[in-house]
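One structure is given below, represented as structure tokens, and several questions about it will come after.
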């Protein structure tokens, strides 16, 4: 068994985590740079000591500040794989992989057999005799994965393992990780900025902001109806926050009302809520539209960028400082409307394209 439980606080980093992961599950950790994602991995791996809290893996206590337990990193049964492969430069690929079982006390011949097995598992048998300097980035990361798994960890930690790889190599490595994690029911935590990693590899997802978990759930549930700004951005939808002024009506702090549909159990009048709508549902006008039923936002264009076959129009930040909405329009519409940064326009979206959800509850500051 390798279920994970983390309930720990690190005051000087302003971090407080409460995370549970079942045996054989994969957790994706999302969040902006500096949010505390790597801090969470450090607490699990034993690279950081919390001010107070516990960390357990498979029922084994690795950290418990109350009783003074702190298992050193090498004895935790946790393997950490980072962006860089960090292979021993003087060893062959096979020797790198054999290092972990050899360190656990296996004989040289047994360690070589373990290494050969894991090199087969990552489709790298033909690389066994090469040294790290003779490997490409993708090849080196395959060897690093084999080395991590050869240690027989109870928990695998992946800290953006594909971030440093060429875009052409990433899909193959992602497929490799998916096969290994699924077929062997490995319990793993993966920190990533890539939506595809979460969708392809993870069962559950948490969103970390300012050292705290602000959103959690099954991957598709969170990405289908995100309630944090970062999750909405990575899921590619607009999110506008405010207070429910009545059934199906949200009012922002700067006085704009947004109408939309509310599911059973949705935000009640007077409560905090968020409105979600796709960029493709937004129409751009150079004069204020009056057609109904529409939600209208007067905005200033911040930038234009190519987004597939469309042009994504980014509005400047909302008056409360939150990320402004975006609209996807055709190149022809950009030319016809003469859209450019700095121009004042109106974004319009039909009420039927907007869904209203309860806002996430405020998380207490760990300090």
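For P(r) over Cα pairs in 10 Å bins from 0, in percent, pick the label among (1) 5, 21, 26, 21, 15, 9, 3, 0; (2) 5, 26, 36, 24, 7, 1; (3) 5, 23, 32, 27, 11, 2, 0 that corresponds to the value derived from the coordinates.
Here the calculated entry is (1).
Expected output is a single nm value to one decimal: the length gained when fully extending between residue 182 and residue 309, i.e. 0.36 nm times separation in residues minus the C-alpha distance. What is it?
So the chain would gain 42.3 nm between residue 182 and residue 309.
Hey, fewest Cβ within 10 Å first, where do 86, 201, 156 land in order?
86, 201, 156
At a Förster distance of 41 Å, what's the computed FRET efficiency of residue 352 paired with residue 51, Cβ-Cβ distance as r, to 0.05?
Efficiency computed from Cβ-Cβ geometry: 0.25.
Let me make sure I get this right: for segment 274-344, a, b and c are the square roots of the gyration tensor eigenvalues over alpha carbons, sorted descending. Under 1.5 in a/c it's rounded, otherwise prolate if a/b > b/c, else oblate. Which is it?
Rounded.
Still on this structure, please answer the following. How large is the convex hull of the C-alpha atoms of segment 33-167 per residue, in Å³?
123
Further question on the same structure: Which order do 91, 162 fall in if you start with the one that has the fewest other Cβ atoms within 10 Å?
91, 162
Now for a separate question. Given bins 10 angstrom wide, list per bin the percent of all Cα-Cα distances in segment 238-358, short to long.
Binned Cα distances yield the sequence 14, 45, 31, 9, 0.
Taking the Cα atoms only, what angle lies between the long axis of helix 93-103 and the longest principal axis of the chain, rounded to 10 degrees?
70
If each residue's Cβ is checked for other Cβ atoms within 10 Å, how do 37, 350 rank with the fewest at the top?
Listed from fewest to most nearby Cβ atoms, that is 350, 37.
Can you give the FRET efficiency to the nearest 0.05 for residue 110 and residue 164, using r as the Cβ-Cβ distance and R₀ = 41 Å?
With R0 = 41 Å, the Cβ-Cβ based efficiency is 0.80.
Same structure again: Please state the shape class of segment 8-59: rounded when a/c is under 1.5, otherwise prolate if a/b exceeds b/c and oblate if not, all from the C-alpha gyration tensor.
oblate
A further question follows. Given a 10 angstrom Cα cut-off, can you work out which residue in 133, 82, 355 is the most mobile in a GNM of the chain?
Among 133, 82, 355, the largest GNM mean-square fluctuation belongs to 133.
Next question, about the same structure. Taking only Cα atoms, what is the 0 to 90° angle, nearest 10, from helix 108-121's long axis to the longest principal axis of the chain?
Computed tilt is about 30 degrees.
Here's a follow-up. In Å, the Kirkwood hydrodynamic radius of segment 66-128 over pairs of distinct alpha carbons?
This gives a value of 13.3 Å.
Relative to the longest principal axis of the C-alpha atoms of the chain, give the angle of the C-alpha long axis of helix 170-183, reported between 0 and 90° and rounded to the nearest 10°.
It works out to around 70 degrees.
Then there's this: If r is the Cβ-Cβ distance from residue 337 to residue 220 and R0 is 35 Å, what FRET efficiency results, to the nearest 0.05?
The value I calculate is 0.50.
Moving on to the next point. Report, in deg cm²/dmol and to the nearest 500, the calculated mean residue ellipticity at 222 nm for the chain, where each DSSP H run with n ≥ 4 adds -39500 (n - 2.57) and the sum is divided by the residue count.
-7000 deg cm²/dmol
Moving on. Tell me the relative contact order for segment 238-358 as a rounded percent, counting alpha carbon contacts under 8 Å between residues six or more apart.
Worked out over segment 238-358, it gives 35 percent.
With contacts defined as alpha carbon pairs under 8 Å and 6 or more residues apart, what's the relative contact order of segment 189-310 in percent?
16
Show me 188-197, 168-177 ranked by packing, highest mean number of other Cβ atoms within 10 Å first.
188-197, 168-177
Bear in mind that the values in this text are calculations on the coordinates, not laboratory data. Predicted model only: the values in this text are computed from it and were never measured. As a convention, Cβ positions derive from the backbone with ideal geometry for all residues, glycine included, and neighbour counts pool all protein chains shown.
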